[in-house]
1. Could you go through segment 200-207 and let me know if any residue there is crowded, with 19+ Cβ neighbours inside 10 Å and modelled with pLDDT of 95 or more.
2. For the condition over 19 Å from residue 175 (Cβ atoms) and in contact with a strand residue (DSSP E or B) (Cβ under 9 Å, 6 or more places away or on another chain), what is the one hit in 156, 114, 139, 87?
3. Could you list, in sequence order, the residues of segment 189-205 that are in a loop (DSSP other than H, G, I, E, B) and closer than 23 Å to residue 156 by Cβ?
4. Answer with yes or no whether residue 89 is surrounded by fewer than 20 Cβ atoms within 10 Å (Cβ to Cβ), within 20 Å of residue 49 (Cα to Cα) and within 15 Å of the chain's Cα centre (by Cα).
5. Does any residue in segment 56-82 that is free of Cβ contacts under 8 Å to residues at least 12 places away in the same chain come within less than 9 Å, Cβ to Cβ, of a residue that is crowded, with 19+ Cβ neighbours inside 10 Å and not in a helix (DSSP H, G or I) six or more places away or on a different chain, and which pairs are these?
């Protein structure tokens, strides 16, 4: 693939005010975010199109990837860099055929290795989670951290998602995550640009040693992320 998934992956929060969303995204991009997923479960189709077009314009200005969540047609229409599909969002094989080989295709695999194995022939990355409690998706299925190592043989970048923060991200990377995906940890920060810089620094740290992982990432004391 010509496109490479960065180690930090931002997902848009819901904002009623589109201008607020665009301003917050630009702050994140200015702080170094180079992969953004547009996720919007509430807006009308026409509004999603308008927002996706503006987000693509912003991402192009900062040389960032833009992926569209759960909507292959929207991704194709705006010319996004790829799409991310959940388990109920249609055939991955069909999506790959329509996207071609030069767009990114990611799949939600929860904590299920069989789902990951089925998705791997068609995708460019596999997303696992939720590893921690999340305000964005409070009903999300939980995943055990062991899935990150179990999926290593599939040869795909492993994206961790679900309640990830500055406090617990390093443990997930040590457990095998290649990329950390976040919503609230980025967009609810008082200084979004600085938060992205801090998260990027976290992603570039050397891996933790096994002895530093005395506390499991699923321990309740770490379930404090948004």
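The values are calculated or read from the model by the stated rules, or taken from the named source; none is laboratory data. Keep in mind it's a predicted model, so treat the numbers as computed, not measured. With ideal geometry, Cβ positions are generated from the backbone for all residues, glycine too; neighbour counts draw on all protein chains shown.
1. Within segment 200-207 (the criterion being crowded, with 19+ Cβ neighbours inside 10 Å and modelled with pLDDT of 95 or more), the answer is no, since none of the residues qualifies.
2. 87
3. Within segment 189-205, just 205 meets the criteria.
4. When the stated conditions are applied, residue 89 does not pass them.
5. Pairs that qualify, where the first residue is free of Cβ contacts under 8 Å to residues at least 12 places away in the same chain and the partner is crowded, with 19+ Cβ neighbours inside 10 Å and not in a helix (DSSP H, G or I), are 60/66.
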